[in-house]
Amino acid sequence: MGDQAIIFLAGLDFEESLYIKKLLLDMEPEQQSNFIQIYAEKRRDPVLILVCILAGFLCFAGLHRFITERVGLGIAYFFTGGFLLIGTIVDLLRYKKIARKYNIKMAARSFELLGVWKN
């Protein structure tokens, strides 16, 4: 595994880094570099998710759902005030899981995109 990949993996949480390591195992260093560039652009930091959830208490409920490509839930949160703030409170407790789920989905998409480029 290349130096760039090791440095990148250091900033991820445990589950996410295990998934990324599994994807990077059979790649050449150039492919690893391409994958990391693609994935880093698509990845969402859990702190960003947390800030967006907190913004839901003040002005824009559901913003965190929009940035994690859950537009339907984002619209529902927006028009119901985060399901009367109960959904927003629950998401506040689950923000790391929301970010991890989105990031793993983006890693899979990045891997598929890289596979398309190879062929």
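Scanning segment 39-98 for residues that are aromatic (Phe, Trp, Tyr) and either more than 30 Å from PHE8 (Cβ to Cβ) or at pLDDT 95 or above (or both) returns PHE57, PHE60, PHE66, TYR77, PHE78, PHE79, PHE83, TYR95. Please verify whether PHE78 is in a helix (DSSP H, G or I) and in contact with a Phe, Trp or Tyr (Cβ under 9 Å, 6 or more places away or on another chain), treating the condition exactly as stated. Yes, satisfied.
Restricted to segment 1-16, and to residues that are in a helix (DSSP H, G or I) and surrounded by fewer than 16 Cβ atoms within 10 Å (Cβ to Cβ), which residue is modelled with the lowest pLDDT? Top of the filtered list is ASP3.
In segment 65-101, which residues are at positive phi, of a type in the set (Phe, Trp, Tyr) and exposed (fewer than 15 other Cβ atoms within 10 Å of the Cβ)? Across segment 65-101, there are no qualifying residues. Only one entry in CYS52, CYS59 is crowded, with 17+ Cβ neighbours inside 10 Å and over 28 Å from GLN4 (Cα atoms), namely CYS52.
For segment 17-74, residues that are assigned to a loop (DSSP other than H, G, I, E, B) and either over 30 Å from LEU85 (Cβ atoms) or of a type outside the set (A, V, I, L, M, F, W, C) (or both) total 11.
The values are calculated or read from the model by the stated rules, or taken from the named source; none is laboratory data. Keep in mind that what you see is a predicted model, and the values were worked out from it rather than measured. We place every Cβ from the backbone using ideal geometry, glycine too, and count neighbours over all the protein chains shown.
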